[in-house]
Amino acid sequence: MSELLDMINKPNDIRKIPPSDYDALAQEIREYMIDTISENGGHLASNLGVVELTMALHLVLTFPQDKLVWDVGHQSYTHKILTGRREEFRNIRKFGGISGFPKRKESSCDCFDTGHSSTSISAALGFARARDLKHEDSTVVAVIGDGALTGGVAYEGLNNLSRLKSNLIIVLNDNNMSISENVGGLTLYLNGLRMTESYRDFKKDVEKKLKSIPNVGQSMARSVKKSKDRLRRHLLPSEFGFLEDFGIKYVGPIDGHNVGEMVQFLNACRKVEGPVLLHVVTQKGRGYKPAEENPAIFHGIGCFDISTGKTTGPKNETCTSVFSRKILNMAEEHSDITAITAAMPDGTGLKPFAEKFPDRFFDVGIAEQHAVTFAAGLAAAGMRPYFAVYSSFLQRAFDQIIQDVCIQNLPVVFCIDRAGLVGADGETHHGMFDLSYLSLIPNMTVCAPKNKYELVDMLSFSYDYGKPLAIRYPRGKAADVYKDRRAPIAAGESELLEQGSDVALIAVGSMVEVAAQVHEMLLDYGIHATVINARFVKPIDEACLDRIGEDHRLVVTMEDNVIRGGFGEACSDYLHSIGSRVEVEHVGIQDTFVEHGTVDQLRRMLGMDAQSIRDRILGKLKNLQ
């Protein structure tokens, strides 16, 4: 272990480090993170960019009394290392190890769980008001990135903050915007002046004396304040002038890699009455050349070779890459196809589309609600919008899906990536609710392909469908199970893959591959199971269920979604409604949030792997005899 990091074993131990060693400590932290993430995978570029910022926050704040809320939370690695989790960091994102995001149950220094964007200001304001109501003395800090400020929730928080006027520090981690030379030097000088106690005391004294002048004092004080505000607005970077309207003092921009400077300004911000935003400029990927040159690639990366920066392991084709290639081909054929992403052009596979059809590609920022209503507007105007989005992020736009798309029955296609269990990012990122919350909406059709070929066919089907449609597919390697079975896509029709008796396996999407494994395992026991690829979760194939209910003793539904409100319950409800006496078992996720780990590990834990399902079927059939 590195010499300086060995000295940090519990919260606030960073104060043992002399200022002359801050740069060396930052280097040790970066080397430790790079070494660990190269083996575990994770969010590297964003964490490399906030090493010095996190160090400065830990030098100023006292944990756990003071509160630090990380927006999104994927940049909290240094924070974890500095709060007594240095040894546990080796197992970050592994099954049974610590999370890649802040977790209250891990440490009292993690005051708020975060995994989705733009929430830090609202949460931090809640902490600040609770502190005020309880008459406590603590500092509350929200760290938000410039990307997260594209999310509307951040502005809702700012709006409420302007009314409540609580003491709160917002640190804007700006790793994308440039610093204008014409305001840089003078702004920094004025920032330093405004933050000094002598200046604040002088300002209060002048205001008090002016107001004491009979008849004209109040008017003179207001005039001086207006003149001062006009000057400050003129000197503020133009993109942050709106903060004055929110009643928030703006300070910055300052160097996010200068620990001493940040400590000075953070300490000054703590003494300011009311909310203050400290603008800190950082470099994403700092200290590791491959991440500096390709921050998007190293935003979230799998295992990689440190010397080259290249990922290790097999280069598998993914559902994302299949979607990327197909939507590009469709756009070449149909000029009315548009593609929308919410700040994820790389992650959703839309970057090639953006390069070839820039006029028909729209990155709306971290604004899923806007993305859905924007797509609805495009569809109402005669276009064919495709919104590519991660399953867990689409949850944020539930109301817009109902109100703006489905009530009007508009032909918006939701291409839902990272559906089901996603692995190491854990409970905030699993796409385990989409089948339930989408299926309950009138006019919505929901489908899931069994393999990469069926994904292509469903996308082709989507263009002429003419109604709201959700196509959901998993993260990782694109399956080619039953690649020789490619029945035409017809709305609401399932696909028979294996004809058997006694037990029928009806599987959704990626669970078809598991069903194929269960089918093979049951053959060893003389059981030839029927295997059905559901394809459509809504509407369900009622004719298929009619047949199965007549000639099978047991039906097993299989989905990588919560059981409640999902595909299995829809099947049970229908079979019950027609008076079928067939026994139904549901394989899926119980009423729980799921931790991080590999998909295989999580399936075993949840009883969704082939062996667990086989054993469950054998026990059930034995009881039915």
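Annotation note: of GLY476, GLY466, GLY492, the sole residue that is at positive phi and within 24 Å of the chain's Cα centre (by Cα) is GLY476. Evaluated against (1) surrounded by 23 or more Cβ atoms within 10 Å (Cβ to Cβ); (2) at pLDDT below 95, SER580 falls short on exactly one condition, (1). Scanning the stretch 13-29 for residues that are open to solvent by less than 40 Å² (accessible area, probe 1.4 Å) and either out of contact with any helix residue (DSSP H, G or I) (no Cβ under 8 Å at 6 or more places or on another chain) or of a type outside the set (Asp, Glu) (or both) yields a count of 6. Of all residues in the stretch 297-325, exactly one satisfies the criterion of being touching a helix residue (DSSP H, G or I) at 6+ places or on another chain (Cβ under 6 Å), under 23 Å from CYS415 (Cβ atoms) and either part of a strand (DSSP E or B) or open to solvent by 40 Å² or more (accessible area, probe 1.4 Å) (or both), namely HIS299.
Answer yes if at least one residue in the stretch 375-397 is in contact with a helix residue (DSSP H, G or I) (Cβ under 8 Å, 6 or more places away or on another chain), assigned to a helix (DSSP H, G or I) and aromatic (Phe, Trp, Tyr), and no otherwise. Checked against the condition, which is being in contact with a helix residue (DSSP H, G or I) (Cβ under 8 Å, 6 or more places away or on another chain), assigned to a helix (DSSP H, G or I) and aromatic (Phe, Trp, Tyr), the stretch 375-397 yields at least one hit. Total residues in the stretch 471-509 satisfying the condition of being farther than 17 Å from VAL587 by Cβ, out of contact with any Asp or Glu (no Cβ under 8 Å at 6 or more places or on another chain) and buried (at least 24 other Cβ atoms within 10 Å of the Cβ): the figure is 1. Of all residues in the stretch 375-405, those satisfying the criterion of being touching a Lys or Arg at 6+ places or on another chain (Cβ under 9 Å) and either free of Cβ contacts under 8 Å to residues at least 40 places away in the same chain or farther than 19 Å from PHE353 by Cα (or both) are SER391, SER392, PHE393.
If only residues of the stretch 85-96 that are touching a residue at least 60 places away in the same chain (Cβ under 8 Å) and open to solvent by less than 30 Å² (accessible area, probe 1.4 Å) are counted, the one that is farthest from GLN65 (Cα to Cα) is ARG93.
Which of the following residues is farther than 20 Å from ALA491 by Cβ, under 37 Å from the mean Cα position of the chain (by Cα) and not small (Gly, Ala, Ser): ILE563, ILE578, ILE540?
The match here is ILE563.
Would you check if ASP573 is closer than 27 Å to ASN443 by Cα, open to solvent by less than 10 Å² (accessible area, probe 1.4 Å) and either modelled with pLDDT of 95 or more or of a type in the set (Val, Ile, Thr) (or both)? In short, no.
Could you check the stretch 260-269 and list, in sequence order, the residues that are more than 29 Å from the chain's Cα centre (by Cα) and buried (at least 16 other Cβ atoms within 10 Å of the Cβ)?
Of everything in the stretch 260-269, those that are more than 29 Å from the chain's Cα centre (by Cα) and buried (at least 16 other Cβ atoms within 10 Å of the Cβ) turn out to be GLU261, VAL263, GLN264, PHE265, ALA268, CYS269.
Looking at VAL518, VAL512, just one residue is in contact with a helix residue (DSSP H, G or I) (Cβ under 7 Å, 6 or more places away or on another chain) and open to solvent by less than 60 Å² (accessible area, probe 1.4 Å), and that residue is VAL518.
The values are calculated or read from the model by the stated rules, or taken from the named source; none is laboratory data. Bear in mind the structure is a predicted one, so any value in this text is a computation, not a measurement. All Cβ positions, even for glycine, are placed from backbone atoms using ideal geometry, and neighbour counts span all protein chains on display. All accessible areas refer to the heavy atoms of the entire protein, side chains included, with ligands and DNA or RNA removed. Shrake-Rupley method; radii C 1.70, N 1.55, O 1.52, S 1.80 Å.
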